[in-house]
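K.L.:
Structure provided below as structure tokens; questions to follow.
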Amino acid sequence: MILQTAPHTVRSADGTPIAIQTLGTGPGLIVLGGAMRTAEDYLPFASVLAGSFTVHVVDRRGRGASGPQGPGYDLGKEVEDLRAVQAETGARLAFGHSYGGLVILETARSSRSFDRIAVYEPGVPTGPVPTGWMGPYRERLAADDPYGAFVHFLRGSDGVPAFLAKMPFWYLRAVLRIGFRGRAWQRMRPLLPANVAEHEQLAAQEGRLAEFAAVTAPVLLLCGGRTPGMARDRPFDALRDTLADATLQTLDGLDHIGWTNGKSAAVVARHVQAFLL
């Protein structure tokens, strides 16, 4: 039986509460998720790992039971949050998805915080980061049009296949209003303001790739074979070659986000488990 604690919080350096859900037994492993995701999205993944690790699933600031991003939000705040979680848990292993992967690698770059790291498509820019969608996105949020904002994000940030991105704005917005409802949307909608702030920080890291050579911990880089542009652009080759000790694996049939559910979560968890143990 896998034991799971009630969510508890630690205080970051600026006093912001950071919520953690802990499950399993074994070496400590911190799980840090991406934009538009909460800790709840990673519980299926964490439950597989909980047979081998004490897994600490973090709600990053701006989501779940954690405090807001707050004024002066930047990547450094996220690093402070992660260090507070590590100080509380003593965990020396880490897994990060997307923006969470960037936070972990930035933390490991500036200090020898972790013994081993696994990341899935971490948000370390290896080329130009699209930003043109951010202005219209903010305008739609200000107009209380979350579906319209989300369409700008999907189209402008390469978040959908090319054929969908070419469809008219009004059409995609209507499709989302009809088909994207329920509990998942209700959990995602409050994350829309945090999403643009996080992507602004991601764009701010452009040109810093060489600095990540300072990460000395062994790193497993995972990517999905179905992520748009993966086969053509191979964006994680440059990061693998920059890191001091990195292994890159492509998981066929998976994309950037959908792996967190069902059988795919177990597939990713097994690769992470084999590397971290």
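The values are calculated or read from the model by the stated rules, or taken from the named source; none is laboratory data. Everything quoted here is computed from the prediction, not taken from an experiment. Here the Cβ is made from the backbone with ideal geometry for all residues, glycine too, and neighbour counts use every protein chain on show. Areas reflect the complete protein model, heavy atoms only, side chains present, ligands, DNA and RNA absent. Shrake-Rupley method; radii C 1.70, N 1.55, O 1.52, S 1.80 Å.
K.L.:
Roughly how many Å² is the accessible area per residue of the range 1-71, as a whole number, for a 1.4 Å probe?
P.N.:
On a per-residue basis, the range 1-71 sits at 37 Å².
K.L.:
Using label points projected 7 Å from each Cα along Cα→Cβ, tell me how many nm separate T5 and T247, to one decimal.
P.N.:
Result: 3.0 nm between the two label points.
K.L.:
Treat every Asp and Glu Cβ in the chain as -1 and every Lys and Arg Cβ as +1, leave all other atoms uncharged, and give the resulting dipole magnitude about the Cα centre to the nearest 20 debye.
P.N.:
Computed charge dipole of the chain: roughly 680 debye.
K.L.:
In addition: If a/c stays under 1.5 just call it rounded; otherwise compare a/b with b/c (prolate if a/b is bigger, oblate if not). Do that for the range 118-277, with a ≥ b ≥ c from the square roots of the Cα gyration tensor eigenvalues. Show your work: numbers first, answer last.
P.N.:
Working: a/c = 2.05, a/b = 1.54, b/c = 1.33.
Judged from the Cα gyration tensor, the range 118-277 comes out prolate (a/c at least 1.5, a/b above b/c).
K.L.:
While we're on this one: What do you get for the angle between helix 75-89 and the principal long axis of the chain? Use alpha-carbon atoms, 0 to 90 degrees, nearest ten.
P.N.:
40 degrees
K.L.:
Let me ask something additional. Would you please give the residues with an amide H less than 5 Å from that of Y120, counting only those at least 5 places away or on a separate chain, with H modeled from the backbone geometry?
P.N.:
HN-HN under 5 Å from Y120: G96, H97, S98, L222.
K.L.:
Let me ask you something else. Write down the accessible area per residue of the range 138-221 in Å², having rolled a 1.4 Å probe over the full set of protein chains.
P.N.:
53 Å²
K.L.:
What is the percent carbon and sulfur in the accessible area of the chain, measuring with a 1.4 Å probe over the protein chains and ignoring ligands?
P.N.:
Looking at the chain in its full context, I get 53 percent from C and S.
K.L.:
Could you tell me which of Q69, I117, Y99 has its Cα farthest along the dipole of the range 62-125 towards the positive end, charges placed at Cβ (Lys, Arg +1; Asp, Glu -1), taken about the Cα centre?
P.N.:
Result: I117.
K.L.:
Calculated from DSSP H runs of 4 or more alone, at -39500 (n - 2.57) each and per residue, what is the 222 nm mean residue ellipticity of the chain, nearest 500?
P.N.:
-12000 deg cm²/dmol, from helical runs alone.
K.L.:
Right, something else. Could you tell me whether the range 142-209 comes out rounded, prolate or oblate from its Cα gyration tensor? Rule is a ≥ b ≥ c as square roots of the eigenvalues, rounded for a/c under 1.5, then prolate if a/b exceeds b/c, otherwise oblate.
P.N.:
Numbers: a/c = 2.22, a/b = 1.37, b/c = 1.62.
Here the range 142-209 falls in the oblate category.
K.L.:
Using modelled amide H (1.01 Å from N, peptide plane; none on Pro or chain starts), what sits under 5 Å from the amide H of S12, excluding residues fewer than 5 places away?
P.N.:
I18
K.L.:
Over the range 13-110, with a single point scatterer placed on each C-alpha, what log10 of the ratio I(q)/I(0) does the Debye formula yield at q = 0.18, 0.21, 0.22 1/Å?
P.N.:
Log10 I(q)/I(0), no solvent term: -0.75, -1.03, -1.14.
K.L.:
So what are the ³J(HN,Hα) numbers for the range 28-39, from phi and the Karplus equation (6.51, -1.76, 1.60; θ = phi - 60°), rounded to whole Hz, Gly and Pro as x?
P.N.:
x, 9, 8, 10, 10, x, x, 4, 6, 9, 10, 4
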